[in-house]
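Heads up: the structure comes next, in structure tokens.
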Amino acid sequence: MGTVRFLDLAATSAAVSATSGRRAKVELLAGALRALDPAEVPAGAGWLAGELRQRQTGVGWASLRDLPPPAGVPTLTVASVDAAIDEIAAVHGPGSQARRRALLHALLAAATAAEQRMLVGLFSGELRQGAQAGLLADAVARAADVPLGAVRRALLVAGDLRAVAVAALDGGAAALAGFGLRVGRPLAPMLAQSAPTVADALTATGAPAVVDVKLDGIRIQVHRSGSDIAVFTRSLDEITARVPEVVAAVRTLPARELVLDGEAIGLDATGRPLPFQETSSRAARRTTPSVAARTPVAPAVLAAAATTGGTVLTPYFFDLLHLDGEDLIDAPGRDRWAALAGAVDAELLVGRTEVDGPEAASAAFTAALAAGQEGVVVKSPDARYDAGRRGAAWVKVKPRHTLDLVVLAVEWGSGRRRGWLSNLHLGARDPATGGFVMLGKTFKGLTDELLRWQTERFLSIAVERGEHVVRVRPEQVVEIAFDGVQTSPRYPGGVALRFARVVRYRDDKSAAEADTINAVRALRPASATG
Ligand SMILES: Nc1ncnc2c1ncn2[C@@H]1O[C@H](COP(=O)(O)OP(=O)(O)OP(=O)(O)O)[C@@H](O)[C@H]1O
């Protein structure tokens, strides 16, 4: 039976926002988690992280503008609010908009002022911040009295905060240990560090190593169990229906049970990679502008793609995490890759060169660039598959350095750019505070198409519309190229980017995955770091 009042969670959430210390925030969250009944944990734990259990509710920003007068007395419980949101999310068919509004109105009218603030924050996504999810992992560990490491590990393989919270609070460390790789359930992908040269990369991984071509497409994790095939993105969103050609390719493989890690990319007629925008437009939830597709392809693939429109993607795999009943995540790279080569046709494998030293690695890097690829990823054959980690076992090298930053605000353009949101205020993530530190501004690199797209996008996530500057929720990640990092008293982080320019918007990354201020500071020339 649900017993916790919704007001209690709303109060906790408000108190967490008002508190600055991490320890104090965790303590508040842990207290709220402890009070929840097991049945209330999936909804309640999600809310504390700013997330709704129902990912899509159909409730738009506009319908949250005019709130009914708040209730004087709190009557809502965790269970009743969760049930009400379920009902709102289930509305469909003719007349659904009016019906959804009526249900939303009824819920808001039953809420006190503090509860309304919480509901608006949840529906609008304003409470959804990567940092909150990180805090919540700590809070779950504290509330369930289990080691933080056990919670983090379970999170990486399960990829689902709510399931992990339920297990920890209900069954403790033993239940958490039960989280293994399960075919059909995505796990956090292993990530790569970066190095300025292949020689540096090789120093990090050790030699011998393999040098993989780094394809500039979208990360895909493909799960197959018999005829069931599911494709997930880097952020663990399922995109199966949008990539029939990937599903078709995996269906031809002989293995019955597979978990594959790879990259999907659009190719031109000669087999060279298309620009990232064209690949990403196929899989993004919100699509950034893309150039019209013009790829000649085989009829079967074309037929599959015709249902989704746009560029045809080709999958290339570089890792195998499960094969016919056997988990491989803890096996060294060389064993996983040998199994991969046995399970997948050669034309579906990422280009890979075994190297024993910097000369061979450098040659592989040059060859990858000559083939139009983005760079390489140097990998240690001894390392296990470290889900969710950015360790030294995988090191990427690109000829051009970029940072993934978060847009904090945008300025209205002038002259030719009048009427468009143009100059972007860029922030790096600050893990110490869970906030963002401004590093500079740029309006360079923006095409008319991007200007149009970003004006609409940023107005939809605006929190304050000034005459000159529009402040936005810190959600949109943008990849920025620059010529260097310099010490600057103008900006709060003490550093600024030289000649920053937009490369592209990254819809496959959340703000919680943006580059940190520490990573930016590390790029300052040694003489400037003092
Ligand atoms: N052969 C490969 N091995 C591993 N990752 C690859 C390979 N080819 C392309 N990639 C892509 O490179 C990424 C590795 O870099 P990283 O873990 O830093 O992710 P990222 O921040 O998305 O990187 P980037 O912005 O450089 O693509 C993977 O997420 C994957 O999408």
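The values are calculated or read from the model by the stated rules, or taken from the named source; none is laboratory data. Note that this is a predicted model, so its numbers are computed, not measured. Please note: Cβ atoms are built from the backbone with ideal geometry, for glycine as well, and neighbour counts cover all protein chains shown.
Please go through region 197-228 and give me each residue that is among the β-branched types (Val, Ile, Thr), touching a Ser or Thr at 6+ places or on another chain (Cβ under 7 Å) and more than 12 Å from the ligand (Cβ to nearest atom), ordered by number. Answer for region 197-228, where residues must be among the β-branched types (Val, Ile, Thr), touching a Ser or Thr at 6+ places or on another chain (Cβ under 7 Å) and more than 12 Å from the ligand (Cβ to nearest atom): Val198, Thr205. Annotation for region 136-152: no member residue is in the same structural domain as Gln54 (by the TED database) and touching a strand residue (DSSP E or B) at 6+ places or on another chain (Cβ under 9 Å). So which of Pro489, Pro474 ends up being under 23 Å from the mean Cα position of the chain (by Cα) and in a loop (DSSP other than H, G, I, E, B)? After ruling out the rest, the residue left standing is Pro474. Among the residues making up region 178-196, those that are in contact with a strand residue (DSSP E or B) (Cβ under 8 Å, 6 or more places away or on another chain) and within 16 Å of the ligand (Cβ to nearest atom) are Pro186, Leu187, Pro189, Met190, Leu191, Ala192, Gln193, Ser194, Ala195, Pro196. Remark: pairs (first residue in region 377-390, in the same structural domain as Glu354 (by the TED database); second residue among the aromatic types (Phe, Trp, Tyr); Cβ separation under 6 Å; 6+ apart in sequence or on different chains) = Val377/Trp394; Lys379/Trp394. Apart from one condition, Ala432 fits all of (1) hydrophobic (A, V, I, L, M, F, W, C); (2) farther than 30 Å from Glu278 by Cα; (3) outside any loop (DSSP other than H, G, I, E, B); the exception is (3).
Restricting region 332-350 to residues that are under 17 Å from Pro315 (Cα atoms) and buried (at least 16 other Cβ atoms within 10 Å of the Cβ) leaves a set whose member that is nearest to the ligand (Cβ to nearest atom) is Val350. When restricted to residues that are outside any loop (DSSP other than H, G, I, E, B), under 15 Å from Thr197 (Cα atoms), of a type outside the set (A, V, I, L, M) and within 16 Å of the ligand (Cβ to nearest atom), region 351-386 contains 3. The criterion of at least 2 residues that are surrounded by fewer than 21 Cβ atoms within 10 Å (Cβ to Cβ) is met, among strands (runs of 3 or more DSSP E) falling completely within region 107-225, by 191-194, 218-225. If you go through region 55-81 and keep only what is under 26 Å from the mean Cα position of the chain (by Cα) and without any contact (Cβ under 8 Å) to a residue 60 or more places away in the chain, you end up with Arg55, Gln56, Gly58, Gly60, Ala62.
From the list Pro474, Pro431, the lone residue that is buried (at least 18 other Cβ atoms within 10 Å of the Cβ), closer than 30 Å to Gly50 by Cα and not hydroxyl-bearing (Ser, Thr, Tyr) is Pro474.
So that you can scan it fast, the table gives a plain yes or no per residue for (1) at pLDDT 90 or above; (2) away from the ligand (no atom under 14 Å from the Cβ):
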| residue | (1), (2) |
| --- | --- |
| Arg452 | yes, yes |
| Ala462 | yes, yes |
| His468 | yes, yes |
| Val477 | yes, no |
| Ile480 | yes, no |
| Thr487 | no, yes |
| Ala514 | yes, no |
| Leu523 | no, yes |
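In region 248-270, the residues that are within 16 Å of the ligand (Cβ to nearest atom) form Cβ pairs under 8 Å with partners that are of a type in the set (Gly, Ala, Ser), at six or more places apart or across chains, as follows: Glu263/Gly217; Ala264/Gly217; Ala264/Ala283; Ile265/Gly217; Gly266/Gly217; Gly266/Ala293.
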